[in-house]
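Chemist: Quick one: the structure is below, and I'll ask about it shortly.
Read-outs: derived from the displayed coordinates by stated rules, not from any lab. All values derive from a computational prediction rather than experimental measurement. Neighbour counts are summed over all protein chains in view; Cβ atoms, including those assigned to glycine, are modelled from backbone coordinates with ideal geometry.
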Amino acid sequence: MLELIEQLKADILNGALPRGCPLRQQELSVRYNVSRIPVRDAIAQLKNQGWLVTHGKAGVMVPELNWREAEDLYQMRMALEVQLLGHALPNLTHEVLGRAKDINLQLNNPCLTLLERGQLNWDLHATLYEVANRPTLFNVVAILNEQVRRYMGFQYGPLNYRDTSQNEHEKLISLIESDQKDQALRYLKGHIEVAGRMLVDYLKNEN
């Protein structure tokens, strides 16, 4: 089922499953050449993650993306991720930072799909956050980042934010390595806020 979920997400991101159009289990079963049971289970999980919403009595659809949701997401991330990194900073070893650097290098691969790039971006942040040993806060942040992945097509498409994001990751890790904790927290806040504001402004102009 995991493979089906990832394929559905990829098709949502690349527009093969357009936003606002109703989808039904039988149609998806034929499209992906699987039985209706894994389709039903995949739909349930994607609804829980916000990738799909209920449409009518028996269907679902890909929700429209809107600036209000995008604004809520980046503001919540900005508050919670800075707090989470603050808890993690005392536990960030050279080994952990090395793993984060390796992930950032993987993000330089131009052949990555949007889905792969979104996952690696979260993997990098998660590597820094998970040593905070705050599982409840971490899980909330993970859910927010799953929601943000639905907007990746804008951030890495018309907003052309890929290289900026990579450079900011490097700077953040450098600040942590040099034990500039307050600066690292402020930098993370700005990293999330600037990208979030750019996305919100873009979506406002699209409407």
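Chemist: Go through Gly56, Leu28, Leu4 and say which Cα lies farthest out towards the positive end of the charge dipole of region 2-61; charges sit on Cβ, +1 for Lys and Arg, -1 for Asp and Glu.
Modeler: Farthest along the dipole direction, towards plus: Gly56.
Chemist: Projecting each Cα onto the charge dipole of the chain (Lys/Arg +1, Asp/Glu -1 at the beta carbon, about the Cα centre), which of Leu144, Val82, Trp122 comes out farthest on the positive side?
Modeler: Leu144
Chemist: Roughly how big is region 67-206's charge dipole about its Cα centre, with Cβ charges of +1 (Lys, Arg) and -1 (Asp, Glu), in debye to the nearest 20?
Modeler: In debye, rounded to 20, region 67-206 gives about 140.
Chemist: Which whole-percent values make up P(r) of region 47-194 when all C-alpha to C-alpha distances are grouped in 5 Å steps starting at zero?
Modeler: Once binned at 5 Å, the Cα pair distances of region 47-194 give 2, 9, 18, 22, 20, 14, 8, 4, 2, 1, 0, 0.
Chemist: Taking 37 °C and 0.692 mPa s as the conditions, I'd like the Stokes-Einstein D for region 1-96 in µm²/s, using the Kirkwood hydrodynamic radius from alpha carbon pairs.
Modeler: Using the Kirkwood radius from Cα pairs, D works out to 211 µm²/s.
Chemist: Run the numbers for Gln45 and Arg186: contour at 0.36 nm per residue of separation, minus the present Cα-Cα distance, in nm.
Modeler: Full extension from Gln45 to Arg186 adds 47.3 nm.
Chemist: What is the sum of charges, Lys and Arg at +1 and Asp and Glu at -1, for the other residues whose Cβ falls under 15 Å from the Cβ of Leu28?
Modeler: My count for the surroundings of Leu28 gives +1.
Chemist: Helix 94-106 versus the longest principal axis of the chain: what is the Cα-based angle in degrees, 0 to 90, to the nearest 10?
Modeler: 50 degrees
Chemist: Taking only Cα atoms, what is the 0 to 90° angle, nearest 10, from helix 114-129's long axis to the longest principal axis of the chain?
Modeler: 40 degrees
Chemist: As an exercise, use a Förster radius of 22 Å and the Cβ-Cβ distance of Asn33 and Thr113 to find the FRET efficiency, rounded to the nearest 0.05.
Modeler: Calculated transfer efficiency: 0.60.
Chemist: Let me ask something additional. What is region 67-206's relative contact order, in percent, from Cα pairs under 8 angstrom and six or more apart in sequence?
Modeler: 41 percent.
Chemist: Dividing the alpha-carbon radius of gyration of region 119-199 by 2.2 N^0.38 Å (N being the number of residues), what value is obtained?
Modeler: 1.11
Chemist: Shape verdict for region 118-157, please, from the Cα gyration tensor: rounded (a/c under 1.5), prolate (a/b greater than b/c) or oblate.
Modeler: It comes out oblate by the Cα gyration axes.
Chemist: Work out the P(r) tail for region 18-62: percent of alpha carbon pairs separated by more than 16 Å, whole number.
Modeler: I get 30 percent for the Cα pairs in region 18-62 exceeding 16 Å.
Chemist: Restricting attention to region 1-62, which trypsin sites (Lys or Arg not before Pro) occupy a DSSP loop and are surrounded by at most 10 other Cβ atoms within 10 Å?
Modeler: Lys57
Chemist: Which value at 222 nm does the chain reach when only helices count, each DSSP H run of 4 or more adding -39,500 (n - 2.57), with the total divided by all residues and rounded to the nearest 500 deg cm²/dmol?
Modeler: -22500 deg cm²/dmol
Chemist: Give me the net charge for the shell around Glu170: Cβ to Cβ below 12 angstrom, other residues only, Lys and Arg +1, Asp and Glu -1.
Modeler: -1
Chemist: Picking from Gly98, Gly118, Gly153, which is most flexible by a Gaussian network model of the chain using Cα springs under 10 Å?
Modeler: Largest GNM mean-square fluctuation: Gly98.
Chemist: What angle do you read, to the nearest 10 degrees and between 0 and 90, between the alpha-carbon axis of helix 2-13 and the longest principal axis of the chain?
Modeler: Compared with the principal axis, the helix lies near 90 degrees.
Chemist: I'd like the Karplus ³J(HN,Hα) series for region 133-138: coefficients 6.51, -1.76, 1.60, θ = phi - 60°, whole numbers in Hz, and an x wherever there's a Gly or Pro.
Modeler: Karplus values, whole Hz, x for Gly and Pro: 6, 10, x, 5, 5, 4.
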